[in-house]
Amino acid sequence: MAIVVYLETEDGNFKKSALEVSSYGRKLADETKTNLYGIAFNSSDPDKIRKYGIDKLVNIKTDHVFDARIFADLLSKNFKELGGTIFITGSSADSRFIFPVVSILLDASYATNVVDFPSGISPLVLKRSAFTNKGFVFTELKTKYKIIGILNNSYGIFESERKLEVKEYMAESQDSNLQVESIKEDEEKISIADAEIVVSGGRGLKGPENWDLVEDLAKTLGAATACSKPVSDMGWRPHSEHVGQTGKPVASNLYIAIGVSGAIQHLAGINASKCKVVINNDPEAPFFKAADYGVIGDAFEVVPKLIDGLKKFKSR
Amino acid sequence: MKILVCISSVPDTTSKINFIENETQFDKSGVQYIINPNDEFGLTRAMWLKEKQNCEVHVISVGIVDTDPILRKALAIGADQAFRVDINPMDANQVAREISDFIKNKDYKLIIAGRESIDYNGGMVPGMIATLINANYVSNCVSLEVNQSNFKATRETDGGKENISGTLPLVIGGQKGLVEEKDLIIPNMRGIMMSRKKPLTIIEAKYQTFQTDTVKYEKLPPKGAIKLVNPEKINDLIDLLHNEAKVI
């Protein structure tokens with residue numbers, strides 16, 4: 001028996017979510033008195049994970065196109081070879097692409113959107129966000145193999161240095177009938193999924209020409225930028241920035257909404273964020289009922305002052 | 001070409017989420033059920049394929065009799081036939097297995113499901129079906145073109161997009177982008193009349209064992225009152241975010 005974590009990399013580096021997943025795995029391994037193993041693809045510096053509680057890392061080198069079937073196959077085989085019983089992964093778009101496939105290959109039960117450490121280990125019971133962040137459900141996983149998909153920013157990162165053993169190998173090539181071409185939106189930009197802070201703009205900003213406000217505030221905070229549905233529908237901003245029920249989900253530590261009224265679909269999509277701030281000149285905007293902090297005022301006056309204040313705060 | 005659209009019946013977004021029986025059951029009373037929004041984008045895309053490429057569109061749902069109204073709605077929107085696997089599903093694995101069994105030995109080239117349902121948000125069913133029927137699979141699918149044997153699709157990733165092409169059969173987890181909100185079809189009277197004559201076939205469920213159990217539900221913790229900051233004293237907000245919320 002062992003706990004196995006899937007450690008996602010990006011350009012060879014472990015993603016922040018990989019550190020969170022291994023921290024979670026370490027605690028579960030300690031509580032169940034077992035080892036914690038990691039599996040990664042193409043890590044260029046495997047030793048970086050030593051601090052986060054991994055006893056042994058299998059680093060798979062592969063130049064395959066991103067075919068979910070092939071990656072799921074490699075993960076499943078290595079999980080079994082490591083003697084895994086519980087497989088832990090994050091909630092990135094890629095994880096959520098691969099792991100439904102893994103769950104069938106392993107005949108494993110799978111809980112997504114897990115927001116907390118298991119409320120019971122035997123049987124394994126997990127608290128999951130459900131109803132698009134309007135409630136929680138506690139799910140028991142009943143099969144021999146189990147998969148836990150944890151939501152980003154829901155557990156935290158904790159250091160626990162181990163004697164890390166690294167095994168590296170080159171994956172055999174497998175047939176794929178897929179051609180895959182990756183298009184990165186903007187190398188500089190922080191993705192909404194990985195961001196700790198998200199700054200979002202709504203119709204109250206009056207037009208795409210005013211988005212400097214959102215972008216400057218985001219830059220000052222090291223945040224990702226997002227927008228409400230009407231803004232993306234009107235073509236002011238790309239669809240990839242739309243957050244809400246039918247857009248991208250947000251689970252950041254801080255969410256700042258500027259000129260967003262707060263339609264129920266929008267609030268549902270961002271409700272997993274821990275701290276919500278609204279800046280809006282309409283005190284009747286529904287967002288004021290959902291937020292932790294609010295400023296009733298003209299965004300065009302408030303936001304530049306906020307940016308100035310934050311710059312001073314950062315240089316303190 | 002035959003297309004199968006998988007549909008989940010979910011509580012309308014504006015529904016109050018309550019739990020009963022000592023927080024062990026979802027309270028269905030007063031809840032309006034709708035076609036899962038991500039599935040509806042997929043259904044609309046399928047209708048366009050029907051119109052332009054002469055495809056036949058079937059819809060399927062796993063659920064008990066109260067799922068019928070949303071299947072009738074899908075027929076009114078323009079689907080040709082509906083199927084319902086007659087069981088109250090307990091988890092994604094069960095739904096995927098029932099639908100995969102239904103698909104076997106039928107000639108569906110394209111299977112469209114939503115990225116995730118807005119009730120349990122699992123996002124697992126399309127990937128599971130693809131694996132069970134050995135088809136190609138694209139999740140978070142925001143654009144899709146197909147011909148008789150090939151597809152071109154776009155998957156939204158966390159930091160951009162991926163253009164994926166390959167051979168049919170294909171299963172997608174669809175979302176907004178396949179079509180836009182303004183493209184969604186509101187059934188007209190003729191569609192509604194026609195839907196009553198279209199076949200809705202009930203299929204006996206095969207899988208009675210589940211991989212997971214729902215232990216209980218929990219409501220969101222009550223939210224504290226909002227703290228308003230004077231726009232003239234915006235540094236107070238920075239102070240609160242730093243010292244109280246500890247997020248900057």
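The numbers here are math on the coordinates, done by the rules we state, and not lab data. None of these values were measured; they are calculated from a predicted model. Glycine gets a Cβ as well: all are built from the backbone with ideal geometry, and neighbour counts include every protein chain shown.
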Write down the Kirkwood hydrodynamic radius of chain A, to one decimal in angstroms, obtained as one divided by the mean of 1/r over all alpha carbon pairs. 20.9 Å
Mean other chain Cβ within 10 Å across B:136-147 is 3
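How big is the dipole moment of the range B:78-157 about its Cα centre under a simple scheme where the beta carbon of each Lys and Arg is +1, that of each Asp and Glu is -1, and everything else is neutral? Debye, nearest 20, please.
Numbers: 8 positive and 10 negative charges, 54 e Å.
It comes to approximately 260 debye.
How big is the Kirkwood radius of the protein assembly as shown, worked out from every pair of different alpha carbons and given in Å to one decimal? Write out the running numbers ahead of the final one.
Values: mean 1/r = 0.0410 Å⁻¹.
Roughly 24.4 Å, rounded to one decimal.
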Calculate the dipole size of the protein assembly as shown relative to its Cα centre from +1 charges on Lys and Arg beta carbons and -1 charges on Asp and Glu beta carbons; express the result in debye to the nearest 20. 800 debye
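Using unit Cβ charges (K, R positive; D, E negative) and no other charged atoms, how large, in debye to the nearest 20, is the dipole of the range B:2-221 about its Cα centre?
In total the dipole reaches around 780 debye.
So, counting K/R as plus one and D/E as minus one, what does the shell of residues with Cβ under 13 Å around A:R203 add up to? Don't skip to the end; give the middle numbers.
On the way: positive: A:K206, A:K229, A:R237; negative: A:D233, A:D282.
So the environment of A:R203 carries a net charge of +1.
Nearest 500 deg cm²/dmol is fine: what mean residue ellipticity at 222 nm does chain B get from its DSSP H runs of n ≥ 4 alone, each adding -39,500 (n - 2.57), divided by its residue count?
Numbers: 6 runs with 62 residues, N = 248.
Here the helix-only value at 222 nm equals -7500 deg cm²/dmol.
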On average, how many beta carbons from a partner chain sit within 10 Å of the beta carbon of a residue in A:104-112? 5
Could you tell me how many degrees, from 0 to 90 and to the nearest 10, lie between the Cα long axis of helix A:16-31 and the main elongation axis, the longest principal axis, of the Cα atoms of chain A? 50 degrees
Quick one: compute a quarter of the convex hull surface over the Cα atoms of the range A:197-314 and quote it in nm². 6.3 nm²
Within the protein assembly as shown, the percent of DSSP beta bridges that are antiparallel, given to the nearest 5, stands at 35 percent
Chain B: most fluctuating residue of B:I202, B:I64, B:I186 per GNM, C-alpha cutoff 10 Å: B:I186
Please give, to one decimal in nm, the separation of the simple spin-label points placed at A:D107 and B:I185, each 7 Å out from Cα toward the Cβ. 4.1 nm
Amide H proximity to B:S139 below 5 Å, modelled H, separation 5+ or other chain, gives B:G173
At what distance in nm do the modelled label points of A:E188 and B:N134 sit from each other, each positioned 7 Å from its Cα along Cα→Cβ? 4.9 nm
By average C-beta atoms within 10 angstrom, highest first, the peptides A:70-82, B:125-137: B:125-137, A:70-82
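Starting from the Kirkwood radius over alpha-carbon pairs of chain B, derive D by Stokes-Einstein at 20 °C in a medium of 1.002 mPa s and give it in µm² s⁻¹. Spell out each step's value before the answer.
Details: Rh = 19.9 Å.
It comes out at roughly 108 µm²/s.
With a/c under 1.5 counting as rounded, go ahead and sort the range A:44-203 into rounded, prolate or oblate using the C-alpha gyration tensor (a ≥ b ≥ c being the square roots of the eigenvalues; past the cut-off, prolate if a/b is larger than b/c, else oblate). Walk me through the intermediate numbers first.
Working: a/c = 1.33, a/b = 1.08, b/c = 1.23.
It is rounded, given that a/c, with a ≥ b ≥ c, falls under 1.5.
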Based solely on its DSSP helices, what 222 nm [θ] is calculated for chain A when runs of n ≥ 4 H residues each add -39,500 (n - 2.57) and the sum is averaged over all residues, nearest 500 deg cm²/dmol? -8000 deg cm²/dmol
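Could you work out the mean count of beta carbons from other protein chains within 10 Å of each residue's beta carbon in A:135-146? Don't skip to the end; give the middle numbers.
On the way: counts 10, 8, 10, 8, 9, 6, 4, 6, 4, 0, 1, 2.
Taking all residues of A:135-146 together, the mean is 6.
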With Cα springs under 10 Å, the Gaussian network model of chain B assigns the largest mean-square fluctuation among B:K223, B:K16, B:K161 to B:K223
I need to check one value: relative contact order of chain B, counting alpha carbon pairs closer than 8 Å and at least 6 residues apart, in percent. 24 percent
Which part of the range B:209-244 falls in the paramagnetic zone of A:D116, meaning amide N under 18 Å from the point 7 Å along Cα-to-beta-carbon? B:213-224
For the charge dipole of the range A:2-170, defined by +1 on Lys and Arg C-beta atoms and -1 on Asp and Glu C-beta atoms about the Cα centroid, which residue among A:L36, A:V5, A:A108 has the Cα displaced farthest towards the positive pole? A:A108
